Amino acid sequence: MKKYWGLLKPRLDTLSRLTALAIIFLSLVIVSPSFASAANIINVLRITSLTLMMAIGVALCMLVGGIDLSIGATIALTSILFGKFFQVGQSTASMIMGITGMLAVSILIGLVNGFCIVFLHLPPFLATFGVQQIVRGLAYLLTSGLVYSNFTEDFRFIGGGQLFGIPMPIIIAVILLLIISFTLNKTTFGYRVYAVGSNRESARYSGIPVNKTLITTYVLSSLIAGIAGIVYTSRLNAAEPTIGAEFAQTAIAAAAIGGISFRGGNGNVLGVVIGALILTLVSNGMTLLGVDSNWQVGISGVVIILSVLVDRNASVRKT
Amino acid sequence: MENTEKAVEPFLKVQNVCKEFPGVKALDNVSFDLCKGEVHVLIGENGAGKSTLMKVLSGVYQQDSGEIYLNGKKVEFQNTRDAQLARIAIIFQEFNLVPNLTVAQNIFLGREPVSSRGVLDRKKLNADAQAILDSLNTGISATDKVELLGVAHQQLVELAKALSFDSEILIMDEPTATLSENEINTLFDTIFRLKARGVSIIYISHRLHEVYKIGDRITVLRDGQTVGTRLVSEASMDELIRLMVGREIQRERIREENTVQESMALEVRGLWDRKLLQDISINVRRGEIVGIAGLVGSGRTELAQTIFGIKRRSKGYIALFGRELEKSSPGKCVMRKAGFLPENRKEQGLSLNLPIRTNIVHAALSMLFPMGIVRRKKEKDIAENYRKRLRIITPDTKRNVSNLSGGNQQKVVLAKWLATESDFLIFDEPTRGVDVGAKEEIHFLIDDLARNGKGILVISSDLPELLTIADRIYVMREGRIVKEFKDSHVTQEEIIAFAAGGVVA
């Protein structure tokens, strides 16, 4: 038995997280009759899918020992840009232009984040916090208070449509998830991400291009935020500069509950999925149970702290 | 030097002090004394027990047995505060200053003068601090921020802080290690001034020539034992070196033949960095094992780091396998088939929370998987291959490196560099913290690598280690190469003489 313990231990974290998820799920099934309805489950999954998209990006940054607070603002700015582009022609062509513009700008924001962290040596928290303010400011400047809405049918399909009865956001999130999971587990880039996050000095001594890896990670996080922005704007059928204020928080919470360590190098994509699900289930469950919405915010805070505590105790025992 | 003082009962007396750490006897029956107004120099190789003795005297550690007498009275220090109250102060190599506070705030940290109304008395604070600084002739202003001062001045602030406790005994650990020639002279002046005031000083040093400038008596420590105390005026350099090294431990030489080839692996000419390294020229041929000896702080590690592009050079020529390396970086070196096994495995060599097999492919990622897609099977096979070849003891290479013992961790670092098929390897302290068995295995491996035509550069504080495996040895001191021994017929004494500065280069 002892022989297998060393192999089992790393998997135990995921296992205990899955158990927590199952317990929450089952208790909701028991307490709330409306929870297990197909409509509600689909609803939960759809909400989870957006959280998940953003959490995956932030988790990448956390894996290299950083963080990305700018994703909410990135979503706001790119969504405004889409509105601007769309207004020009109100056609499929302007939609494609808009989408391309969104992705390009999100990549640019990621580059700025990476630049501030790698070349200006700013702590990731501060760098992305500052960039967040700048980006949000730009979003306000660009709209001067306007709200863009009434996009074309084909654009609204991205966030509101269904394929084989499955909402598009879920499909997009799953595809994204598979790509990132493959990237982390099966590519040299993924190996570098873990190496840099686990021990930056050792990565450097091994000839791993640390700076390039860091910048790429922040670009990926922003790009994913851009994609989430497309889905969100489409679903909302509107673009305004105030959206996404709490997105970074939610994403970080999901990643933290999912066992992505703030110190880097620890955690996996499956954990983030579980984390996003737990987060959504808790708030969905509270709504179904009629918990006052004023209480809900605070209770999710308790969930986050508890899960991180449990996680830390587990990792203390490990060493 | 006054012989009259010697007759007086010593001010501080250490008798038969022992201190054991798991696995090592750091202090073994150490006896030592210090007179009023004396500068007593303590020398010994790395790991001889100097630091442990100092930490016992300053209350950081408690001795397992033995007594300490101060002014004829037995004392016991439970913590550093006790030692402070007994007026013993220590100045470590690493300063204990808060950089963003002023000099005065640092000197009286935690003991700031308070006015009758309970408010900080800034005027008195600055005046008191300035008085101490002036008494040392430092020229430092009490209101300067510490971070704006150079190393030498920071050291003087540490001195002032020590004196603010009215310390009667001052312990200085390698005080000149980071100072320039001029700064050293200033420090020595200060020491003479303190001596004249009756302060007794224990001065720890590696540098033999300094001993003659400031010491009254000298005590040599070796392997945790005091091997002799001499009047500086009566001790010859040769004798001191003999005492430091002790009997030659004849170790079996592992390398049977020198397998050196014609072609160059590494060539360095006129290498400088901004801080320490001065005009370094060395070379290593394929199939050759070259050692670098030197005391801690002599710049050995910095040299390796500069070659490998971890630290920047300010000028100089570096070539790998005959091709110049204009700007070195670890990535470039890896591509040019050079590897570096750093001194601190845990900090610089391994990702402890990642699997053994992943660590093994880290340096070779782009070589093994040029398409960017990792093949798990290949990763596993490579890891299994090195597990068998290097005899890494673990039930499964999927386990995290943190589960391994020191020797096995070192083998993982070695496997990482063998996986890149490097033809030139730098080993920085390859066997530090490794048990005897694993040590020998690593020596045989290094020999084997050289036999297979790889060029090897070994940095080691363990002289017998260098004598067992090196074909040629460079000695470094204060950032320079001071001697090259062209073959392995050399004794530890000869090496120490150059490393500690007993011989003018």
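Structure data summary
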item	result
Virtual spin-label span in nm between B:ARG87 and B:ILE254, 7 Å along Cα→Cβ	5.3 nm
Ranked packing of B:262-271, B:152-161, most packed first, by mean Cβ within 10 Å	B:152-161, B:262-271
Protection proxy ranking of B:174-181, A:138-145, A:250-257, B:279-286 - average other beta-carbon atoms within 10 Å, highest first	A:250-257, B:279-286, B:174-181, A:138-145
Mean ellipticity per residue at 222 nm, deg cm²/dmol - from DSSP H runs of n ≥ 4 across chain A, formula -39500 (n - 2.57)	-27000 deg cm²/dmol
FRET efficiency estimate (nearest 0.05) - Cβ-Cβ, A:GLN249 to B:ILE373, R0 25 angstrom	0.10
Surface accessible to a 1.4 Å probe, per residue, for the residues of chain B, Å²	44 Å²
Per-residue ³J(HN,Hα) for region B:379-390, Karplus 6.51 cos²θ - 1.76 cosθ + 1.60, θ = phi - 60°, Hz, x for Gly and Pro	4, 5, 4, 4, 4, 4, 4, 6, 4, 6, 5, 9
Cut-off under 5 Å, modelled amide H: who pairs with B:GLN225 long-range	B:ASP28
Gain in span if fully extended, B:ASP121 to B:GLU239, counting 0.36 nm per residue against the direct Cα distance	37.0 nm
Around B:LYS311: net Lys/Arg minus Asp/Glu count, Cβ-Cβ under 14 Å	+3
Net charge contributed by nearby residues that have their C-beta within less than 14 Å of B:ASP428 (K/R +1, D/E -1)	-2
Carbon and sulfur %, accessible surface of region B:349-421 computed with the full protein complex present, 1.4 Å	51 percent
Equivalent ellipsoid, region A:205-252 (semi-axes from 5 times Cα gyration tensor eigenvalues, Å)	31, 11, 7
For region A:188-319, the spread of Cα positions along each principal axis, largest first, Å	55, 42, 20
Spin-label pair A:LEU141/B:ARG323, simplified geometry with 7 Å Cα→Cβ offset, distance in nm	4.7 nm
Rounded to whole Hz, the Karplus (6.51, -1.76, 1.60) HN-Hα couplings of region A:53-61, x for glycine and proline	3, 6, 5, 4, x, 5, 4, 4, 5
Binned Cα-Cα distance frequencies in chain A - 10 Å width, integer %	6, 25, 33, 24, 9, 1, 0
List A:TRP295, B:TRP272, B:TRP417, ordered by accessible area with a 1.4 Å probe, largest first	A:TRP295, B:TRP272, B:TRP417
Within 10 Å of each Cβ in B:344-355, the average number of Cβ atoms from other chains	6
Note, ³J(HN,Hα) from phi for region A:70-81, Karplus 6.51, -1.76, 1.60, rounded to Hz, x at Gly and Pro	8, 5, x, 5, 4, 4, 4, 5, 5, 5, 4, 4
Distance in nm between pseudo-label sites at A:LEU126 and B:SER314 (7 Å out along the Cβ direction from Cα)	2.9 nm
Test item: Cα-centred dipole of the protein assembly as shown, Lys/Arg +1 and Asp/Glu -1 on Cβ, debye	2380 debye
Estimated Rh, region B:3-245: Kirkwood, alpha-carbon pairs, angstrom	18.7 Å
Inter-chain Cβ neighbour average for residues B:413-423, partner chain, 10 Å	1
Rounded D (µm²/s) - chain B, Kirkwood Rh over Cα pairs, Stokes-Einstein at 10 °C, 1.306 mPa s	63 µm²/s
Cα convex hull of region B:31-140, projected area averaged across orientations, nm²	9.8 nm²
Size of the B/A contact, given as accessible area buried on both chains, probe 1.4 Å, in Å²	2400 Å²
Distance cut-off 21 Å, percentage of C-alpha pairs in region B:231-319 lying past it	53 percent
Of all accessible heavy-atom area on region B:3-245, the percent that carbon and sulfur account for (1.4 Å)	46 percent
Portion, in percent, of the accessible area of region A:201-319 that falls on carbon or sulfur, probe 1.4 Å	62 percent
Protection proxy ranking of A:218-229, B:475-486 - average other beta-carbon atoms within 10 Å, highest first	A:218-229, B:475-486
Debye equation applied to the C-alpha atoms of the protein assembly as shown, log10 I(q)/I(0) at 0.06, 0.08, 0.10, 0.11 Å⁻¹	-0.54, -0.89, -1.16, -1.26
Under-5 Å amide H pairs with B:ARG477, H placed in peptide plane, nonlocal only	B:VAL482
Chain-alone versus full-assembly comparison, region A:205-226, residues with accessible loss of at least 30 Å² (1.4 Å probe)	A:TYR205, A:SER206, A:GLY207
Computed E for B:PHE444/B:ASP487 - FRET, C-beta separation, R0 25 angstrom, nearest 0.05	0.75
Minimum 30 Å² accessible area buried by the other protein chains, region B:316-331 residues, probe 1.4 Å, relative to alone	B:PRO330
Normalised convex hull volume, region A:103-152, alpha-carbon set, Å³ per residue	87 Å³
More than 24 Å apart - percent of Cα-Cα pairs taken over region B:121-216	20 percent
B:TYR69-A:LEU288 FRET efficiency (beta carbon distance; Förster radius 51 Å; 0.05 resolution)	0.05
Residue-averaged beta-carbon neighbours from other chains (10 angstrom radius) around B:364-376	4
Label-zone membership for region B:50-77, site B:PHE21, 7 angstrom Cα→C-beta point, backbone N under 15 Å	B:50-57, B:60-64
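The values are calculated or read from the model by the stated rules, or taken from the named source; none is laboratory data. Here the structure is a predicted model, which means the values were calculated and not measured. Please note: Cβ atoms are built from the backbone with ideal geometry, for glycine as well, and neighbour counts cover all protein chains shown. Each accessible area value is taken on the protein alone, full model and side chains, heavy atoms only, with ligands, DNA and RNA left out. Shrake-Rupley method; radii C 1.70, N 1.55, O 1.52, S 1.80 Å.
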